[in-house]
1. Can we say Asn64 is more than 12 Å from the chain's Cα centre (by Cα), within 15 Å of Asp122 (Cβ to Cβ) and not in a strand (DSSP E or B)?
2. Considering segment 82-120 alone, what residues qualify as being in contact with a Gly (Cβ under 6 Å, 6 or more places away or on another chain) and either of a type in the set (D, E, K, R) or within 17 Å of Ile28 (Cα to Cα) (or both)?
3. What residue, among those in segment 42-54 that are of a type outside the set (D, E, K, R) and modelled with pLDDT of 95 or more, is nearest to Cys77 (Cα to Cα)?
4. Taking the options Cys58, Cys39, Cys23, Cys29, name whichever one is at pLDDT below 90, among the hydrophobic types (A, V, I, L, M, F, W, C), closer than 22 Å to Asn107 by Cβ and surrounded by 15 or more Cβ atoms within 10 Å (Cβ to Cβ).
5. Go through segment 67-83 and report how many residues are surrounded by 14 or more Cβ atoms within 10 Å (Cβ to Cβ) and either in contact with a helix residue (DSSP H, G or I) (Cβ under 6 Å, 6 or more places away or on another chain) or not small (Gly, Ala, Ser) (or both).
6. Filter segment 81-102 down to residues that are more than 18 Å from Asp53 (Cα to Cα) and under 15 Å from the mean Cα position of the chain (by Cα), then give me how many there are.
7. When you scan segment 74-129 for strands (runs of 3 or more DSSP E) that lie fully inside it, which ones turn up with 1 or more residues that are of a type in the set (Asp, Glu)?
Amino acid sequence: MLFGGLAVYTVSPASAETANPYCKSGDICYWGEDSYSDCYWDSASDDPNLGNDNWRNCGSAKVNQGANSAKNFGNSCTIVFFDYINYSGGSHWMSRVGLGGYWKDPNFGNNTWSNTGTVENDITSHNFCY
């Protein structure tokens, strides 16, 4: 746009968040780095072993023990993360969007399992409505 011979440009602020075109209502959405960036993956169902799943945009890298941030867009339930396969070991829950409270986390390094250790890079299975 020109005003008196000067060009005026509008610039949108940059976001660190990596867009996940697959993440939609009903999904748990993981990112491989803090602040919802880098590799991403989503699921609308329980998963007893994230070692069977690859990040959507990072080749053959596994989701298992790789999540650093997440958002729960689940429709009806909280989600429970576990540090072992088949919904076992330490647990950590996350509410869902719409219920308020803890439904997203930009840094799992700030959270601990119910037994010991940090959640960051340690999620191995998850269960909705556990």
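The values are calculated or read from the model by the stated rules, or taken from the named source; none is laboratory data. Since this is a predicted model, take the numbers as computed values, not measurements. Because the Cβ atoms are built from the backbone with ideal geometry, glycine has one as well, and the counts that use them run over all protein chains shown.
1. Values: more than 12 Å from the chain's Cα centre (by Cα): yes; within 15 Å of Asp122 (Cβ to Cβ): yes; not in a strand (DSSP E or B): yes.
Answer is yes for this residue.
2. As a first pass, look at segment 82-120 and keep what is in contact with a Gly (Cβ under 6 Å, 6 or more places away or on another chain): 82-83, 95-96, 113-115, 118, 120.
Of everything in segment 82-120, those that are in contact with a Gly (Cβ under 6 Å, 6 or more places away or on another chain) and either of a type in the set (D, E, K, R) or within 17 Å of Ile28 (Cα to Cα) (or both) turn out to be Phe82, Asp83, Ser95, Arg96, Glu120.
3. First pass over segment 42-54, keeping only residues of a type outside the set (D, E, K, R): 43-45, 48-52, 54.
Within this subset, residues satisfying the condition of being modelled with pLDDT of 95 or more are 48-52, 54.
Values: Pro48: 17, Asn49: 20, Leu50: 20, Gly51: 23, Asn52: 23, Asn54: 24 Å.
So the residue we want is Pro48.
4. Numbers: Cys58 fails: at pLDDT below 90; Cys39 fails: at pLDDT below 90; Cys29 fails: at pLDDT below 90.
It is Cys23.
5. Of segment 67-83, the ones surrounded by 14 or more Cβ atoms within 10 Å (Cβ to Cβ) are 67-74, 77-83.
Adding the requirement that they be either in contact with a helix residue (DSSP H, G or I) (Cβ under 6 Å, 6 or more places away or on another chain) or not small (Gly, Ala, Ser) (or both) leaves 68, 71-73, 77-83.
Total satisfying the criteria: 11.
6. 7
7. Numbers: elements: 79-84, 88-94, 125-128.
The strands (runs of 3 or more DSSP E) meeting that bar are 79-84.
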